[in-house]
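Please read the structure below before turning to the comments.
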Amino acid sequence: MAHHCCVPFCKNDARYDREKLLSFHSFPKDENLRKEWTMKIKRDEGPLFRIRKHTKVCSAHFKATDFKRTLTGRRDLRKGAVPSMFKWVSKSLEHHQPRAHHNVQNTTNQQSVHTERSNMAAKMVNTYRSGKLILDVSKSSEKDNKCDKFILSHYFNFSVGIIIPGVKELPKSLKKALQQDGMSVYFVKQVPLSLLISPFFLENFCRKGRLYMMSHGTKIDTEDCVALLPSGKLVMNLTKDTYERLGLEGKKSQFHDTRHHRYVVILNLLDASFAPGKKTYERVKWAFTDRLNLFYNMLVSWIPHSCDVSSSSVSTFFETHGLFSVLVGLKDKTNTFTDIKVPIVNSQEPNGTVESCDFEDLFDWLGSVSCDCINSDDLNGFLPLYEASDKILTNCLSYETRGFILPQTVQKLLHDLKDIVVDQNLPFVALTVHGFNDTPTTWDTREHGFQNNGDNLYTYVIFPDGTSWCYTAIGAFDTFI
Ligand SMILES: [Zn+2]
């Protein structure tokens, strides 16, 4: 008989305990003691929980002094011992696996940052934290403003993953949003930075509409990476060599260390002083033409200020300057699960209850679904799951698209998902956005470093009651606020 532990949130199972470090203990026969055990483990005897011979509590919930060794070496509980160690008492009891889909390297530097950030996060209302994972809960009344601002300032999105339990096909409204109508994306070869500060470009593209440009194919740890933000800021994350040769004023990268000498130069191209004839402008022009003629392959998208203008104008501009420009689309992948078990989540209880899983478990589940490594059998007995007889929940759509996805598209997707979760009465929907690995920024002008690629992503889970959960990594969360 395989044993698993019946304590909420405990994932201990004899099958995975090869070294036999754990022992599993039956409930005491004494009525009063038995009641004390069920009270301590926060469960109630009833239809959902019946105590049988094989209903066990694992040794992780007892103190060392609760045990005695028998002559045969077996570990037995002392008479009258009561479980007292729980996840809701001490975090040290967690048995979570490292999050493979949350690829964050730990450095000593990040450790100190970690403590500082956690203190900050602890002060925030409706914020939950575990390891590097941060959860921010928004109620329906406050959600839109905050969440739009958050999404719209994450400019360079490389992939969007959508998970919809209870659905087989990507809803039409989402398909439409993903066409990015009126927001064409181009790959332009060898764009000289001097062209981006030409008066015509500044006037017609920087100043009007919303422009998104990012160098493509350059590595943030070893090469120069540049981005032109819709705010008109040109962000250059440069190697020491480029920085010194360019001769423009910048500052040391926050990820500068003995092995990686990097510098960040930010120019506000829309500043009043940034105009031909003025000192700043002339100095930058000199740097980009006489000092160092920098050029990069770039991804470009321009959302025009008026519907009379086409978003392709920006491509035409580069072509008339002799540059190669090609339209790029999105590549997608759909995975439909037909017999998946979906965890029960209570939007108001991020820490979980006996009947619902906590935010970390949900995050793990979403990660497993998106990387197609879900195995429902493994979940049995660990997470509260919808019964398979509830037919609608046996399907689950996992969709991912990659390319250059504008924040406006992500915003539209999230708004559509909010309608879908209500209209179709789904338990929840999830949307995960990954930023580009080599973008110089994460949120707005916040620096993106080579050490923390994993921080450049976020996940929203939307519930039918209007509540939304927003997951970020601690590093990312802090650089946003
Ligand atoms: Zn246990």
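The values are calculated or read from the model by the stated rules, or taken from the named source; none is laboratory data. None of these values were measured; they are calculated from a predicted model. Here the Cβ is made from the backbone with ideal geometry for all residues, glycine too, and neighbour counts use every protein chain on show.
Restricting the first residue to segment 261-277 and requiring it to be under 24 Å from Gly209 (Cα atoms), which pairs with a second residue that is surrounded by fewer than 21 Cβ atoms within 10 Å (Cβ to Cβ) and among the basic types (Lys, Arg) meet a Cβ separation below 6 Å and a spacing of at least six or different chains?
Taking only residues 6 or more apart or on different chains, the pairs are Ile266/Lys233; Asn268/Lys233.
Of all residues in segment 320-339, count the ones that are of a type in the set (D, E, K, R) and over 17 Å from Cys396 (Cα atoms).
So the count comes out to 1.
Yes or no, residue by residue, for (1) assigned to a loop (DSSP other than H, G, I, E, B); (2) within 16 Å of Phe200 (Cα to Cα):
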residue	(1), (2)
Ala272	yes, yes
Gly277	yes, yes
Lys285	no, yes
Asp290	no, no
Val300	no, no
Cys307	yes, no
Thr316	no, yes
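Which ranges mark the strands (runs of 3 or more DSSP E) fully within segment 148-228 that have 1 or more residues being more than 24 Å from the chain's Cα centre (by Cα) and either at pLDDT 95 or above or of a type in the set (Lys, Arg) (or both)?
Qualifying strands (runs of 3 or more DSSP E): 185-192, 210-215.
Which condition does Glu31 not pass, out of (1) modelled with pLDDT of 80 or more; (2) within 13 Å of the ligand (Cβ to nearest atom); (3) of a type outside the set (Gly, Ala, Ser), if it passes all the others?
(2)
Within segment 417-431, can you find the residues that are modelled with pLDDT under 95 and under 26 Å from Tyr186 (Cβ atoms)?
Those that are modelled with pLDDT under 95 and under 26 Å from Tyr186 (Cβ atoms): none in segment 417-431.
Output yes when any residue across segment 54-63 is among the aromatic types (Phe, Trp, Tyr), more than 18 Å from Thr353 (Cα to Cα), away from the ligand (no atom under 14 Å from the Cβ) and outside the structural domain of Asn351 (by TED's automatic domain parsing), and no when none is.
No, there is no match, as no residue in segment 54-63 is among the aromatic types (Phe, Trp, Tyr), more than 18 Å from Thr353 (Cα to Cα), away from the ligand (no atom under 14 Å from the Cβ) and outside the structural domain of Asn351 (by TED's automatic domain parsing).
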